[in-house]
Amino acid sequence: MNRPHHTQNLPEPSVISQEGWHCSHYYYSFDRSDVRGLTAEELAIARQEFADVLNASENGPERLQVSIVSGHKADFGLMIMDPNPLTIDRAHQRLLNTRLGSSLSSTYSFVSVTEISEYVPTIEQYAARLVAEGEDEGGPSYEAKINAYKQREPIMRKQRLTPDFPEWPATCFYPMNKIRLPNANWFMMDHPERNKLMAEHARSGMEFAGKVHQLITTSVGLDDWEWGVTLWARNPEYLKDIVYRMRFDEASAKYAEFGPFYTSYIATPEDVLHHCGI
Ligand code: 76R
């Protein structure tokens, strides 16, 4: 059969990411009055079911992280990643269908996907940047930096598209936009200008190496904000430090606006139940 010319090199229609993963953040609170209506036996079964659904399962998503939320925005949160957005949503639905599901209210969710930012330099761009910063092209220090970047690049690529969750106790999620005001419109600036601001941003981020990991997921066209920022920190004080530091970067100071912040602590499903007294 002759296919129309314009569809010839197109991929098959699919919900699966072609590169990277889907990523959703879910937040829930317990309705205690509902839980109190359960007998001790029902509660034991319900608790077990809650833990089973959230502990890694064979047909479950590639990544699922549970955390206890600080403050009254939620009791706990899930961050779930998978190539298939329906596998992610299925984990959320399975939780709602457990015995404790009817005692849960969903307080917030955020849908996004991973990608390699357009501001991550290619090896060539990285080389040009080194020369612009005064490195002697072809010199030993230049060569050493290029080689280090060549080794780092595939690891960073994997970490951005299909990340492993860091084993640090504190995490913070918030959505953000780049503003579109007549006197400060991120999307009206040309690429080199945005690139310069993002390079400044990346430098201040790198000052937190070993203290903070970041995952920027994109939600343009998918949710109410343009990006989701997930931070993991060796200690929660670094969350405050990094976000404060970045407020002074022009990319944030002039162009960013932020949604609600959800600060939480990595936990097992059993920890969540114990912590919440369920
Ligand atoms: O991806 C990379 O590591 C390369 C450099 C880099 C890019 C391209 C980088 C580094 N970021 C990039 C893009 Mn970031 N980032 C944020 C926030 O609170 C605020 O003021 C802003 C929220 C934080 C805390 C943070 C941290 N970053 C982006 C983008 C744009 C995506 C696009 O347009 O494609 C946004 C919205 C954004 C926001 N960033 C870093 C950090 C940290 C800690 C780093 C250092 C990299 C590392 O150590 O892994």
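Rule-based calculations on the coordinates, nothing more; no lab input. Predicted model only: the values in this text are computed from it and were never measured. Positions of Cβ are backbone-derived with ideal geometry, glycine not excepted, and every protein chain shown enters the neighbour counts.
Once you list every other residue whose beta carbon is under 15 Å from the beta carbon of LEU96, what net charge do they have if Lys and Arg are +1 and Asp and Glu are -1?
Working: positive: ARG90, ARG94, ARG99; negative: ASP31, ASP34, GLU49, ASP52, ASP75, ASP89.
Around LEU96, the surrounding residues sum to -3.
Ordering 140-151, 160-171 by mean Cβ neighbour count within 10 Å, with the highest value first, yields 160-171, 140-151. For the stretch 16-56, the square roots a ≥ b ≥ c of the C-alpha gyration tensor eigenvalues yield an a/c of 1.5 or more together with a/b not exceeding b/c, which makes the shape oblate. The count of lysine pairs in the chain with alpha-carbon distances below 24 Å, taking only pairs 8 or more places apart or on different chains, stands at 14.
Judged by the ratio a/c of the largest to the smallest principal axis of the C-alpha gyration tensor, the stretch 37-98 counts as oblate, that ratio being 1.5 or greater while a/b is no larger than b/c. Highest-first packing order for the peptide set 98-104, 113-119, 76-82 is 76-82, 98-104, 113-119, based on the mean count of other beta carbon atoms within 10 Å.
Taking the charge dipole of the chain about its Cα centre, with +1 at Lys and Arg Cβ atoms and -1 at Asp and Glu Cβ atoms, the residue from VAL35, ILE16, THR114 reaching farthest to the positive side is VAL35.
Relative to one another, the C-alpha centroids of the stretch 168-241 and the stretch 30-83 are positioned 29 Å apart.
By the scheme Lys and Arg +1, Asp and Glu -1, what is the net charge of all other residues having a beta-carbon under 11 Å from that of PRO175? Spell out each step's value before the answer.
Details: positive: none; negative: ASP223, ASP224, GLU226, GLU257.
Overall, the nearby charge balance is -4.
Per DSSP H run of at least 4 residues, take -39500 (n - 2.57); add these up for the chain, divide by its residues and hand me the 222 nm value, nearest 500 deg cm²/dmol.
-11500 deg cm²/dmol
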